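Written below as structure tokens is the structure these notes are about.
What follows is calculated from the coordinates using simple rules that are stated; it is not laboratory data. The model shown is predicted, which means the values in this text are computed figures rather than measured ones. Neighbour counts run over all protein chains shown; Cβ positions are idealised from the backbone, glycine included.
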């Protein structure tokens, strides 16, 4: 049985939405630091977890005691904030992971050096 042009378009549209729905269903939400939240010695928190592009990280902390800064690899290693880095400071920040390496630090004096930083490679 031959399909008309309209049937093919409907079939392709349904296929597209099915793939999109499956991709969205795979994204997850993680609370950084679990019950402890975003605090000192969080550097090892990602260990053993598998992250995907599109997953959301939730950073819970008291505003004014920490912040979250998206940095590059150099900023992560040196605990320095590069010019133009995006800074979050709401205390309930939600950050969607990009594919590849994601580096996040707290840039309050001494915090990054005390382990308030994470590096995640999202697949």
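Roughly speaking, what is the stretch gain from residue 108 to residue 77, that is 0.36 nm per residue apart minus the C-alpha to C-alpha distance, in nm to one decimal?
On the way: separation 31, 0.36 × 31 = 11.16 nm, distance 1.53 nm.
This chain segment gains 9.6 nm when fully extended.
Model label sites at residue 52 and residue 27, defined 7 Å from Cα along the beta-carbon direction, differ in position by 1.1 nm. Multiplying each eigenvalue of the alpha-carbon gyration tensor of region 27-122 by 5 and taking the square root yields semi-axes of 18, 15, 13 Å, largest first, rounded to whole angstroms.
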